[in-house]
Amino acid sequence: MTITAEPSSTNVDEATTGQSAPATTTSQQDADPAPATQEAAATPTITARIGNVKVEDLSMHPGNTRDDLDESVRADKELLRTVKTVGVRFALKVKEYPDGKLEVVAGHRRLRAAQITGRPHVPCIIVPAGPLANDFLDMIFENVYRKNFTTTEHALALFRANEAGATPTAISKITGLKPDVVKRGIEAGSLSTQTRKTFAAYEWDFAQLAALKPLDDDPDAIARIAEKVANGGNFEHALNTELVKREQLRKHQALLHKLAANGVQVIDLAGPGMVAVDRLADKHSRQLTPDTHATCPGHRALRPHPNDDAVRYVCADPKANGHRPYMSKAAAPASGTTTADSTPAADANPAKAAADAAEQARIRDARIAWKAATKTRMQFLRSYLTRKTLPREAAEYMVRQMVMCSNPLSRWLGSSRPKVLADLLGMPVGTELSGIAQRLTAASEKRLMVIQFAVIAAANERAIDLDNDIWRWGQPYGEVARAAAAAWVGFLGTIGYTLSPIERAFAEHREYTGDDASAATGDDTPEHTGERPATDPAATPDTASASEPEPVSQPVATETKPETVVAQAAGMQPDATDAVAPVSVLPTARDRTTRNSARRTGRPADGKQAPETAA
């Protein structure tokens, strides 16, 4: 038998404090000549030795209660990896008989792991042999009366280890965790105490906790996420909703800073006599623009809503500044219209005004919800498209799309985008056609099916992106594209994707009314009946006279193309130059021409389709 007290890589005291452990330590009662009670006076003095003991000198306890010791240890790959790499880090409790025999009381799994991996020594706390009953009580204390780390506590330990000087690589080697898991764990551990406490009760992984980092400085956003999850909501949807709101706020603040830097006065409401700049013309009857009107003394900007990224400009006094109403060639002034220096009368119906304001608020909230849902949907597709094989339901869906030549697919095939597909397959920009050909040649038969499905996914998401309000049923255009998009979103719900309330409402052909109980569960909600919802100014044709100020409409924001995002799902670099221009949600003259041509020729046409902008 060999017991050493020399410092080593597996010495417990040295591992935690950096100091060598003494060969012998003694734990004694206080030297009080008058014990507080007879029971305290009767407590025996326990002498313990700490040292590294040869594995061959230790024997298993004959009454060890673990029946599957060898099997459980061999199945615990992380334990074996850690012991093999750095040895046993926590001391075994061993009792010593008068004849010098050492028998393990607590730590049988650690000892067996050391035997399997060939470690020569293990750290031990050695105590004199006592009553046999105490051994079994120690086994209970060792394995039952203890609390494992929660995910947040585990993450905090990784973070503090890293702060104390342990590199992620070293932590990965010691703990057996994969490097990317350690990285996310350290990031999750860096969350504020308040955020960690908020989510301590949730069984989330490091990746989910780390995703909260951008919102760590916003307790209100963290509280809203926690509330949604507590009420049965999806974490990813709740998180992305808050991230979209923050991005909208960032854009809003940047816009206000830009206006201030350009010397533009921002006002909250248009006063009497103010007219929208695009309703005005110069002395040569040329329509004014924000740029051509910028030097006018009456140049003002209406403060945009935080969810808007467009600005409406007005002139404070058109008449005094020499402006006149702009008359487009396509429209003549309507009778009874106001002049350029007047404003429309206030709405005489307060109830209608309140209802309109509530409808606009609903639309703004729904647009945020749809953006967040799209963000979550893309994250799901990124993960889904990394698979090597395609499940039958996805393969069947793909074949149906090809056989029926669905609306999104037909539009995709009419505008081939090898660059997007190259991105989707993780190939560098500039190798589109040749690179795709090589990739297809090298791909296995099963992987080829996944690549085909990636094309279907990109086609559907690109078709959805062409209309930012595609989620709104009852619009006077795009019925075919809207139905196809709803079918695609509904299909994703069958292959593991969790639909958000707005996506569920869209897939069920009903109007989204908010994240209420019926929207969240889909219980007994009537399907879409075809009635057109309250009109949104952004989708209302321009019928006002040339001299009337226009109400501020909801802008159609420019977004990164979904096919590019889907491409990023497969680990590809997006092409920053391949941007999609904003798409009008109104029917255009080209649409009407296409519709009329279809009627003359008798061929089917999606005449009410929202116009598609070439990218």
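The values are calculated or read from the model by the stated rules, or taken from the named source; none is laboratory data. Given the structure is predicted, the values throughout are model-derived calculations rather than measurements. In this analysis, Cβ positions are derived from the backbone assuming ideal geometry, glycine residues included, and neighbour counts consider all displayed protein chains. Surface areas here come from the heavy atoms of the whole protein model, side chains and all, with no ligands, DNA or RNA. Shrake-Rupley method; radii C 1.70, N 1.55, O 1.52, S 1.80 Å.
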| Cross-link partners among lysines for Lys228, C-alpha distance below 21 Å, same-chain residues fewer than 8 apart left out? | Lys197, Lys213, Lys245, Lys371, Lys375
| request: With a point put 7 Å past each Cα toward its Cβ, work out how far Met404 is from Ala320 in nm, to one decimal. | output: 6.2
| note | Packing-ranked peptide list from 79-90, 227-238, highest mean Cβ count within 10 angstrom first, is 79-90, 227-238
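Over segment 77-140, with every protein chain in place, what whole percent of the accessible area is carbon and sulfur at 1.4 Å, could you tell me?
Working: 1770 of 2940 Å².
Exposed carbon and sulfur together represent 60 percent of the surface.
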| said: Using Stokes-Einstein with the Kirkwood hydrodynamic radius over Cα pairs, what translational diffusion coefficient do you get for segment 61-216 at 10 °C and a viscosity of 1.306 mPa s, in µm²/s rounded to a whole number? | reply: 89
| How much length, in nm to one decimal, is gained on full extension between Val266 and Ala201, taken as 0.36 nm per residue of separation minus their Cα-Cα distance? | 18.8 nm
| request: For every other residue with a beta carbon closer than 15 angstrom to the beta carbon of Ser172, add +1 if it is Lys or Arg and -1 if Asp or Glu, then tell me the sum. | output: +4
| query | Quick one: if you stick a label point 7 Å off each Cα along the C-beta vector at Ala230 and Glu71, how many nm between them? | reply | 4.3
